[in-house]
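What follows is a single structure, written as structure tokens, with notes after it.
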Amino acid sequence: MVEPWLTPQQWRKRSVHANFVDQPELKIARMNISETKGKLSVMDMHHLVATPKRVEHFVERLELGTLHSR
């Protein structure tokens, strides 16, 4: 399966993004800055996940090709 992504004109380089979950016993923050590497959209997604037992941090790198029209 191929899922469409953004065209170079739609991609906003250096834009800041954040999503949050705020439940009584679960807090999640995911943040990233949009970057460009050649024809790739690159995002290092930083995750913080907190429960009553611990706080974890991990990074997920996404590299997605931009769509180019013919």
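Search the stretch 43-63 for residues being closer than 15 Å to Gln23 by Cβ and of a type outside the set (A, V, I, L, M, F, W, C), and hand back the single one that is surrounded by the most Cβ atoms within 10 Å (Cβ to Cβ). Per the criteria, the residue is Thr51. A search for C-beta distances below 7 Å between a residue of the stretch 4-32 that is without any contact (Cβ under 8 Å) to a residue 12 or more places away in the chain and any residue that is assigned to a strand (DSSP E or B) and among the aliphatic types (A, V, I, L, M), counting only pairs 6+ apart in sequence or on different chains, returns Phe20/Ile28; Phe20/Ala29; Val21/Ile28. Evaluate the following for Arg14: is it surrounded by fewer than 14 Cβ atoms within 10 Å (Cβ to Cβ) and at pLDDT 95 or above? Here the answer is no, as Arg14 does not meet what is asked.
The values are calculated or read from the model by the stated rules, or taken from the named source; none is laboratory data. In this text, all values refer to a predicted model and were calculated from it rather than measured experimentally. Methodologically, a virtual Cβ is constructed for each residue, glycine included, from the backbone with ideal geometry; neighbour enumeration extends over all protein chains shown.
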